[in-house]
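The values are calculated or read from the model by the stated rules, or taken from the named source; none is laboratory data. All of these numbers come straight from a predicted model, not from anything done at the bench. No Cβ is skipped: glycine too gets one built from the backbone with ideal geometry, and neighbour counts run over all protein chains shown.
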Amino acid sequence: MKRMALGWFVNFMPPAWRTPWAGTDVADWADGRFYVEVARALERARLDFVVLEDSSVVPQNHGGSARTEFMVTTKAPKNDPLPLAGAIAAATTHLGIVTTMSTSLYPPAHLARLQASLDVLSRGRAGWNVVTSFEEQAAQNVGLDTLWEHDQRYDRADEFVDLTQRLWRSTRDGTPVEHAGRFFTATGRFDAPRPPQGSPVLCQAGGSPRGLDFAARHAEVVVAVPQGVEAMARYRRDLRERRERAGLDPDACRVLFMVTPVVGETDAEARARHERMWAPTDWNLLRKLVFASNTAEIDFARFDLDEPVPADATTNGAQSLLEQLKVRTRGSSLRAAFAQDGLAESLPLVGTPETVADRMQEAMDVVGGDGFLFFHGGGGLLSRRYLTDVLDGIVPELQRRGLAQREYAPGTFRDKLATA
Ligand SMILES: Cc1cc2nc3c(=O)[nH]c(=O)nc-3n(C[C@H](O)[C@H](O)[C@H](O)COP(=O)(O)O)c2cc1C
């Protein structure tokens, strides 16, 4: 079996603050030092990359105000990931650094220049998590009246990515860019350093049919959260078929599934920790309601917790979470679905490092997937203790089995990833 590609998804937000292991980071988190330390820990464990998530507003979908968001900190407060990417670049040598930037909020030449600069600063380790944004307020904060409709955001993103690729190419061959497209225009010489990789590694997380088409066309790494091995296999097959139909090599795109393992010294201890972690306490339920509202951009406070999500609920936000919750609550209830896991995991991974490694290996055997993206539930939850569980427990177990790399291959982020 080939080795897995492994990444970690972090939100530049206050780390764990409701545990006895909160330390002092809750006061200092915005200076980035905690997250630079996280990146160094990921490099010590030989992970392939870190993804720095982003969204730029304090959402107010739950109950129509920001009050509950600040009570549970799923999306805010948050700091901008770009300066952090520069600090991580200076503090690490091998780790890929994937920064989230939105095609709806940045102008293409501005984004292309920032990514080219990050690729130079990191000596060929930049990645771009291409998102289209789904927050109405985010659009208004950059001077737009409203956000484009879901599929149109991807039409614009297609043209945006094509244009940025041409801008990066022009740093190599010096050709002025002349572009008059449907959504963007650009002209003249582009003043940016030549990125060592030519262009950043493109990462994406399409969940809807239109989003999947976009990911299939552009992404080299796809991160996704279909739930259960069958859904994971279906997702990967679908994406690979879309690539084939577009005349692209399916193997040139890696699909990584998001997971939040819970480990213990025994399986029973891990199960007890897992149960405590997601127990249906008032605080946990509120956290899930706020997270779901602010991801799907609709107010879940309107729904009855003891009923399924109404089948006719729709959104102009991220469609996949809403659809997943409809499926998971059919014949059941939101309350039951919220008590199962962190809402953003493909597989339940609960047990000793050996048990968890077994499950990961079995899933890859069935799905034919390419690896995993570790994540600990948004803001307010990540701790050094959790990092240690994964990086000093699970990863060495995967390494012993030849399923994770023990050393980095030479070259750029893209070169290293090609060995997975
Ligand atoms: C693992 C993962 C990470 C994501 N990271 C971000 C992010 O940092 N910022 C953001 O605006 N959207 C993020 N998204 C949302 C996706 O870009 C996308 O909008 C979502 O998966 C829904 O798919 P759709 O746009 O095709 O409906 C992420 C989604 C997933 C599954």
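Pairing residues of the range 142-155 that are of a type in the set (Val, Ile, Thr) with residues that are away from the ligand (no atom under 11 Å from the Cβ), at Cβ distances under 8 Å and at least 6 apart in sequence or on separate chains, gives Thr146/Glu136; Thr146/Ala139; Thr146/Gln140. Condition (residue is farther than 29 Å from Arg302 by Cα and in a helix (DSSP H, G or I)) applied to the range 326-342: is it met by at least one residue? Looking through the range 326-342, none of the residues is farther than 29 Å from Arg302 by Cα and in a helix (DSSP H, G or I).
Listed by first and then second residue, the pairs linking a residue in the range 166-183 that is farther than 15 Å from Asp119 by Cβ to a residue that is exposed (fewer than 15 other Cβ atoms within 10 Å of the Cβ), with Cβ atoms under 6 Å apart and 6 or more places separating them unless they lie on different chains, are Pro176/Gly188; Pro176/Arg189; Glu178/Thr187.
State whether one or more residues within the range 68-87 are hydrophobic (A, V, I, L, M, F, W, C), more than 16 Å from the ligand (Cβ to nearest atom) and part of a loop (DSSP other than H, G, I, E, B).
Of all residues in the range 68-87, those hydrophobic (A, V, I, L, M, F, W, C) come to 70-72, 76, 82, 84-85, 87.
Still in the list and also more than 16 Å from the ligand (Cβ to nearest atom): 70-72, 87.
From what is left, the residues that are part of a loop (DSSP other than H, G, I, E, B) are none.
No, because not a single residue in the range 68-87 is hydrophobic (A, V, I, L, M, F, W, C), more than 16 Å from the ligand (Cβ to nearest atom) and part of a loop (DSSP other than H, G, I, E, B).
Evaluate the range 21-41: report whether one residue or more is at pLDDT 95 or above, in a helix (DSSP H, G or I) and surrounded by 23 or more Cβ atoms within 10 Å (Cβ to Cβ). Yes, there is a match, as at least one residue in the range 21-41 is at pLDDT 95 or above, in a helix (DSSP H, G or I) and surrounded by 23 or more Cβ atoms within 10 Å (Cβ to Cβ). Just name the residue that is surrounded by the fewest Cβ atoms within 10 Å (Cβ to Cβ) out of those in the range 200-242 that are without any contact (Cβ under 8 Å) to a residue 60 or more places away in the chain and away from the ligand (no atom under 16 Å from the Cβ). Checking each candidate, the answer is Glu230. The number of residues in the range 110-150 that are away from the ligand (no atom under 14 Å from the Cβ), closer than 20 Å to Val161 by Cα, out of contact with any strand residue (DSSP E or B) (no Cβ under 9 Å at 6 or more places or on another chain) and in a helix (DSSP H, G or I) comes to 3. Evaluate the following for Ser346: is it of a type in the set (S, T, N, Q) and within 10 Å of the ligand (Cβ to nearest atom)? Yes: the conditions hold for Ser346.
Pairs under 6 Å by beta carbon, first residue in contact (Cβ under 8 Å) with a residue 60 or more places away in the chain in the range 32-50, partner β-branched (Val, Ile, Thr), six or more apart or different chains? Every condition considered, the pairs that remain are Leu42/Val50; Ala45/Val395; Phe49/Val98.
Give the range 58-71 a look and list any residue that's under 18 Å from Arg302 (Cβ atoms) and touching a residue at least 60 places away in the same chain (Cβ under 8 Å), or say none.
Step one: filter the range 58-71 for residues under 18 Å from Arg302 (Cβ atoms), giving 59-69.
Scanning the range 58-71 gives Pro59, Gln60, Asn61, His62, Gly63, Gly64, Thr68, Glu69.
In the condition set (1) at pLDDT 95 or above; (2) in contact with a Phe, Trp or Tyr (Cβ under 6 Å, 6 or more places away or on another chain), Asp54 is compliant with all but (2). Considering only residues that are of a type in the set (A, V, I, L, M) and more than 15 Å from the ligand (Cβ to nearest atom), look in the range 39-67 and name the one that is farthest from Leu105 (Cα to Cα). Ranking the candidates gives Ala45 first. Here Ser104 qualifies as within 16 Å of the ligand (Cβ to nearest atom) and among the hydroxyl-bearing types (Ser, Thr, Tyr).
Conditions: (1) away from the ligand (no atom under 16 Å from the Cβ); (2) closer than 28 Å to His150 by Cα; (3) buried (at least 20 other Cβ atoms within 10 Å of the Cβ). Pro310 meets all but one. Number of the miss? The single condition Pro310 does not satisfy is (3).
A single entry from Leu381, Leu347, Leu403 fulfils the requirement of being in a loop (DSSP other than H, G, I, E, B), crowded, with 20+ Cβ neighbours inside 10 Å and out of contact with any Pro (no Cβ under 8 Å at 6 or more places or on another chain): Leu347. Comparison of Arg385, Arg302 shows that the only residue that is more than 28 Å from Thr132 (Cα to Cα) and either over 19 Å from the mean Cα position of the chain (by Cα) or without any contact (Cβ under 8 Å) to a residue 12 or more places away in the chain (or both) is Arg385.
Filter the range 305-325 down to residues that are of a type outside the set (Gly, Ala, Ser) and not in a loop (DSSP other than H, G, I, E, B) and give me whichever is nearest to the chain's Cα centre (by Cα). Steps first, please.
So in the range 305-325, the residues of a type outside the set (Gly, Ala, Ser) come out as 305-310, 312, 314-316, 319, 321-325.
With not in a loop (DSSP other than H, G, I, E, B) added as a condition, the list becomes 319, 321-325.
Working: Gln319: 16, Leu321: 14, Leu322: 17, Glu323: 18, Gln324: 17, Leu325: 19 Å.
That would be Leu321.
What residue, among those in the range 243-260 that are surrounded by 13 or more Cβ atoms within 10 Å (Cβ to Cβ) and not aliphatic (A, V, I, L, M), is nearest to Leu322 (Cα to Cα)? Within the range 243-260, the match that is nearest to Leu322 (Cα to Cα) is Phe257. Considering the range 146-199, and only residues there that are of a type in the set (Lys, Arg) and more than 24 Å from the chain's Cα centre (by Cα), the residue that is surrounded by the most Cβ atoms within 10 Å (Cβ to Cβ) turns out to be Arg166.
Take the conditions within 27 Å of Phe372 (Cβ to Cβ), within 16 Å of the ligand (Cβ to nearest atom) and touching a helix residue (DSSP H, G or I) at 6+ places or on another chain (Cβ under 8 Å) and apply them to Asn316. Does it pass? No. In the range 178-236, the qualifying residues are those that are out of contact with any Asp or Glu (no Cβ under 8 Å at 6 or more places or on another chain) and among the aromatic types (Phe, Trp, Tyr), and the one that is farthest from Phe374 (Cα to Cα) is Phe190.
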